[in-house]
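Enquirer: My structure is below; once you've seen it, I'll send some questions.
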Amino acid sequence: MDSTSRLQRLKNREERRMSNVNDAMEKSKEAKLSGLPDKVLHHILSFLDTKLAVQTCVLGRKWKYLWQSVSSLHFNCDSFSNSAHYKKFVKQVLLQRDESKELKKFTIDYSGCDPILKQVTNYLENHGFGLQELCFSVYCDMRALSPFLPHLSAWKSLRTLKLEKLVLPKNFLFDFGSLTSLCLKACWLPWDKGEPHDPFRGCLSLKSLRINGCRIWVPVKTFEISAPEVTYLEISWMDCQGYDPHYGISLTTSKLRSFSFEGTKLIAISTRGLPSLEKVFIHLGQKFPTTEDSTSENERKHLIKLLQELGNAKSLTLSLEIIRALSKALDVVKGHCSPLTRVEDVKVKVRLFEASSETIPSFALPVNVMKYLLGGSSAKTFVIEHSKAKGEAEIPVVGVRSSVGTTR
């Protein structure tokens, strides 16, 4: 036997030995994991997509039925090759789940109205009494599921509700007294009553409200948010159909601490005073008018009015377009004191697509704009901050010298 063959045999023997060692280590890890109490394993499985949780049944005898008792169900259609497999899976899971175990969280993601949704809502009607979190991302007309909606109001345990891609029933009121967090994303909220549109007035315990990319049919002039306990409010890319030029948002949430608004059209916003306000973020896209015409002048007046309404804020973050619009609207505020009497720091957020080599070095914050924003307070900082899109390189923060405030 030559030396080459001998070396190859030694190599093969070593590879088998390492493979056995690795197998032993894996079995040891599985044994340790399987040795954990069922309560702990249920908690671990509750963080997994339900498809992955079901697949753990092959790990051993103990795991075979463990998934049936998990308190969380998360159905994601993207993890299936076609809708038929997805619907069959959802149906089988609901049939085989241990109904004696409390269901605390339910999430479903699906496109289109389908009989499977009726099966889902029927299941929730019968077994959702302990539900704490519900996420419905279903591209369909919720009016077809209207018999299910009263059950949501009846669930006193429900704390978090997220609705996405739904057409809600006309004049629908969110009458959820126990809800603390509500997120509406890409939903349609039709409203045709003559009174102000105030769909959240029944949410007496609501703390966090997010309205993202929703389409709101508003033939009335006022969209009111009066939930009394809201501390965080986010409104972004709201599409108002039947838009009245005098249409506005009325905030009567006296406990509001953080407010965020993002879009291309600035809607008139009024308040009854926000004594607890601390953080404000306002981002307007590049379509926000900075030219000289009647429309842009009205929107700039909305901007000045908004800053006056949010004058109690301690931290203010604005987009670059806001600064450009303010530089065009200084004649509107000439002779007026800055409304920002408590502000401690002001940031100008520059998105990566705006931060070209031609834009940033040549752009200087107008001194009169800085004086208007900081003149009413003893602000400590005024900075430009570059934000980045997901997956893009970080851009360093650049300080801006100001005769009114200090720099960072």
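Enquirer: Name the single residue, out of those in the range 254-268 being in a loop (DSSP other than H, G, I, E, B) and among the charged types (D, E, K, R), that is surrounded by the fewest Cβ atoms within 10 Å (Cβ to Cβ).
Expert: Applying the filter and picking the extreme gives Lys255.
Enquirer: Would you please name the residue that is surrounded by the most Cβ atoms within 10 Å (Cβ to Cβ), looking only at residues in the range 140-173 that are at pLDDT 90 or above, in a loop (DSSP other than H, G, I, E, B) and under 20 Å from the mean Cα position of the chain (by Cα)?
Expert: Out of the qualifying residues, it is Leu158.
Enquirer: Residues in the range 312-341 that are in a loop (DSSP other than H, G, I, E, B), of a type outside the set (A, V, I, L, M, F, W, C), crowded, with 17+ Cβ neighbours inside 10 Å and modelled with pLDDT under 85: how many?
Expert: 2
Here's the yes/no breakdown for (1) at pLDDT 85 or above; (2) within 18 Å of Lys349 (Cβ to Cβ):
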residue: Met238; (1), (2): no, no
residue: Leu251; (1), (2): yes, no
residue: Lys255; (1), (2): yes, no
residue: Lys265; (1), (2): no, no
residue: Gly273; (1), (2): no, no
residue: Leu284; (1), (2): no, yes
residue: Leu307; (1), (2): yes, yes
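Enquirer: Quick check on Ser71: is it without any contact (Cβ under 8 Å) to a residue 24 or more places away in the chain and not charged (D, E, K, R)?
Expert: Judged against the criteria, Ser71 is not a match.
Enquirer: Considering only residues that are surrounded by 13 or more Cβ atoms within 10 Å (Cβ to Cβ) and assigned to a loop (DSSP other than H, G, I, E, B), which ones fall in the range 51-66?
Expert: Gly60
Enquirer: So which residues in the range 181-197 are part of a loop (DSSP other than H, G, I, E, B) and buried (at least 18 other Cβ atoms within 10 Å of the Cβ)?
Expert: Cys187, Trp191
The values are calculated or read from the model by the stated rules, or taken from the named source; none is laboratory data. Predicted model, so just to flag it, every value in this text is computed and none were measured. Here the Cβ is made from the backbone with ideal geometry for all residues, glycine too, and neighbour counts use every protein chain on show.
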